[in-house]
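The values are calculated or read from the model by the stated rules, or taken from the named source; none is laboratory data. What you see is a predicted model, and the numbers here were worked out from it, not measured in a lab. Reconstructed Cβ throughout: ideal geometry from the backbone, glycine too, with neighbour counts over all protein chains shown. Accessible surface is based on the protein model in full, side chains and every heavy atom, while ligands, DNA and RNA are left aside. Shrake-Rupley method; radii C 1.70, N 1.55, O 1.52, S 1.80 Å.
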Amino acid sequence: MTIQETGAARPAGRPRSEKAEKAIIDATLDLLSEGMGISDLSIEAIASKAGVGKTTIYRRWSNKEDLVVDALSTLKAPLPPLAGTSVRDDLISLLDAMRQEAGNQRNRCVMNIAMSEADRYPQLLERFVKRAVEPRRQALRDVIERGIASGELRADLDVGMGVAILSGAMLWHSKWGPAGDLPADLAERVVDAALAGIAP
């Protein structure tokens, strides 16, 4: 997934500076992690922290919301490759990617601050979910549907409920579980507990 998908079109012939783009993304995330809410976040503040001019930002993003969506999306690691040998193994791979993302305290802080203003910026949340969250949900759905087809999971399993059980358990541990690092075997434990209820 590229950093920049939704911003304003660049003038023809003008080369993109990956270094400037990274500095802008990093500055946006740094300001959020320092406690600045989306409402207070400004292009001026981002430009100052990134050491670039405002025009450099507007060349890439048409507005603040576009930039924030792209910045938040970089916090989501690429989906892990799935071996496809068993539903259990693939579910563990997907959930362990969630564990690793949640284990980054700075990323958790940034996401919590950004999502706390979701009511004020519903389109921002909708676009972030579509861009960064929905592909992960779909990956879980695909694995569960494959498990139903192969007989590894119950034929009458509600796929949406299976996704909610698995992702919800990981979310609970990352947001409301005991303080400290998430256990390395958390994904395996969650998957095995879920499979005990949804396996044939």
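At 222 nm, what value in deg cm²/dmol follows for the chain if DSSP H runs of at least 4 each add -39500 (n - 2.57) and the sum is divided by all its residues, to the nearest 500? Before the final figure, lay out the partial values.
Values: 10 runs with 121 residues, N = 200.
After summing the helix terms and dividing by the residues of the chain, the value is -19000 deg cm²/dmol.
For the chain, with a Gaussian network of springs between Cα atoms less than 10 Å apart, report the residue from 27, 184, 114 with the top mean-square fluctuation.
Among 27, 184, 114, the largest GNM mean-square fluctuation belongs to 184.
In Å, the Kirkwood hydrodynamic radius of the chain over pairs of distinct alpha carbons?
Working: mean 1/r = 0.0540 Å⁻¹.
Roughly 18.5 Å, rounded to one decimal.
Along the charge dipole of segment 92-165, Cβ charges K/R +1 and D/E -1, which of 94, 159, 149 sits furthest on the positive end?
Value computed over the given set: 94.
Would segment 97-200 count as rounded, prolate or oblate if I go by the C-alpha gyration tensor, calling it rounded below 1.5 in a/c and otherwise prolate when a/b exceeds b/c, oblate otherwise? Please report the intermediate quantities before stating the final value.
On the way: a/c = 2.68, a/b = 1.46, b/c = 1.84.
It comes out oblate by the Cα gyration axes.
In degrees from 0 to 90, rounded to the nearest 10, what is the angle of the helix 159-176 Cα long axis to the longest principal axis of the chain?
Tilt relative to the chain: about 60 degrees.
Given a 1.4 Å probe and every protein chain left where it sits, what share in percent of the accessible area of segment 31-116 is carbon and sulfur?
On the way: 1900 of 3730 Å².
It is 51 percent, rounded to a whole number.
So which aspartates and glutamates pass the test for residue 19, namely a Cα distance under 17 Å, with those fewer than 8 places away in the same chain ruled out?
Filter leaves 5, 30, 70.
Using only protein heavy atoms and a 1.4 Å probe, report how much of residue 189 is accessible, in Å² to the nearest 10.
Its accessible surface works out to 120 Å², give or take rounding.
Rolling a 1.4 angstrom probe over the protein heavy atoms, how many square angstrom per residue are accessible across the chain?
Values: 10430 Å² over 200 residues.
For the chain, the per-residue accessible area is 52 Å².
Taking the alpha-carbon distance from residue 175 and a cut-off under 25 Å, which lysines remain once sequence neighbours fewer than 8 residues away in the same chain are dropped?
76, 130
Looking only at 29, 140, 82, which one moves most when the chain is put into a Gaussian network model with springs between Cα atoms under 10 Å?
Largest GNM mean-square fluctuation: 82.
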